[in-house]
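The values are calculated or read from the model by the stated rules, or taken from the named source; none is laboratory data. It should be emphasised that the depicted structure is a prediction, and the values quoted were computed from it without experimental measurement. Heads up, the Cβs are rebuilt from the backbone with ideal geometry, glycines too, and the neighbour counts pull from every protein chain shown. Heads up: the accessible areas ignore ligands, DNA and RNA and are worked out on the full protein's heavy atoms, side chains in. Shrake-Rupley method; radii C 1.70, N 1.55, O 1.52, S 1.80 Å.
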Amino acid sequence: MRVDIITVEPDLIKSPFQNSMMKRAIDKGLAEVHFHNLREFGQGNYRQIDDYQFGGGAGMVLMIEPIAKCIEGLLAERSYDEIIYMTPDAPTLNQATANTLSLSENIIILTGHYKGVDQRVRDKYITKEISIGDYVLTGGELAAAVLCDAVIRLIPGVLGDETSALTDSFQDNLLSPPVYTRPADYEGMKVPDILLSGNFPKIEEWRSEKAYERTQKIRPDLLDE
Ligand code: 6GU
């Protein structure tokens, strides 16, 4: 998978890709991530990328021309499965979306800033808009890193244990059951006997039950989906 990230804050977004799972995916050649600094596509001597909004109001809006120049340059090189815009006024990211995106060949991620981008960017280029939750971040950079993590770890071969992504919270719209490791007794706090029983069908049954109970209690909305 190739990911092209268009941003005004490249330094803010790069470090998650230089560590951990995303670094491993990149080192293994399973993912390729390219950063494009929107400023380099800015207009005039000052490389202008934003302007006041028509109709008045506080906050600057990212202009269409620099974004168009950057996106058109990428589209001239290859085709893209999705051109994604990270913005709080969009449907919330969930596991189903991450699963679908992990099958993509090439994606572009545009991260917003200030008051957002000129609506005509969204109308002309964007094929998918994603928020990562009901709160406001300063910019879409961290949200783009979150999206990339959720998607890239699902690419076959990225995770060491191929089955582990399948048992994640949310993979079946259920939260994960509780997990334990040694010691079996910590100051009187005991690991449930069933997990020490060696009866694997019973253990799976217990885990399903606990996953359901936990979901019912913390995220009942997931059970309605
Ligand atoms: Cl994608 N961007 C910003 N700026 N804030 C957010 C978000 C995205 N998702 C949740 N909050």
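So, in segment 133-153, exactly how many residues are within 28 Å of residue 52 (Cβ to Cβ) and crowded, with 20+ Cβ neighbours inside 10 Å? Residues in segment 133-153 being within 28 Å of residue 52 (Cβ to Cβ) and crowded, with 20+ Cβ neighbours inside 10 Å: 4 in total.
For residue 80, the conditions (1) open to solvent by 20 Å² or more (accessible area, probe 1.4 Å); (2) under 26 Å from residue 225 (Cα atoms); (3) of a type in the set (Phe, Trp, Tyr) all hold with the exception of (2). Would you confirm whether any residue within segment 31-51 is within 22 Å of the chain's Cα centre (by Cα), among the small types (Gly, Ala, Ser) and more than 17 Å from residue 145 (Cβ to Cβ)? No, there is no match, as no residue in segment 31-51 is within 22 Å of the chain's Cα centre (by Cα), among the small types (Gly, Ala, Ser) and more than 17 Å from residue 145 (Cβ to Cβ).
Out of curiosity, is residue 115 open to solvent by 30 Å² or more (accessible area, probe 1.4 Å), closer than 30 Å to residue 56 by Cα and within 16 Å of the ligand (Cβ to nearest atom)? Judged against the criteria, residue 115 is a match. When segment 123-137 is filtered for residues that are within 8 Å of the ligand (Cβ to nearest atom) and of a type in the set (Ser, Thr, Tyr), the ones remaining, listed by number, are 131, 135.
The selection criterion, being within 30 Å of residue 154 (Cβ to Cβ), at pLDDT 95 or above and not charged (D, E, K, R), holds for residue 67.
Yes/no per residue for (1) open to solvent by less than 80 Å² (accessible area, probe 1.4 Å); (2) more than 18 Å from residue 106 (Cβ to Cβ):
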position: 8; (1), (2): yes, yes
position: 13; (1), (2): yes, yes
position: 18; (1), (2): no, yes
position: 27; (1), (2): no, yes
position: 35; (1), (2): yes, no
position: 39; (1), (2): no, yes
position: 46; (1), (2): no, yes
position: 60; (1), (2): yes, yes
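Scanning segment 83-112 for residues that are surrounded by fewer than 16 Cβ atoms within 10 Å (Cβ to Cβ) and either within 14 Å of the ligand (Cβ to nearest atom) or of a type in the set (D, E, K, R) (or both) yields 89, 91, 92, 94, 105.
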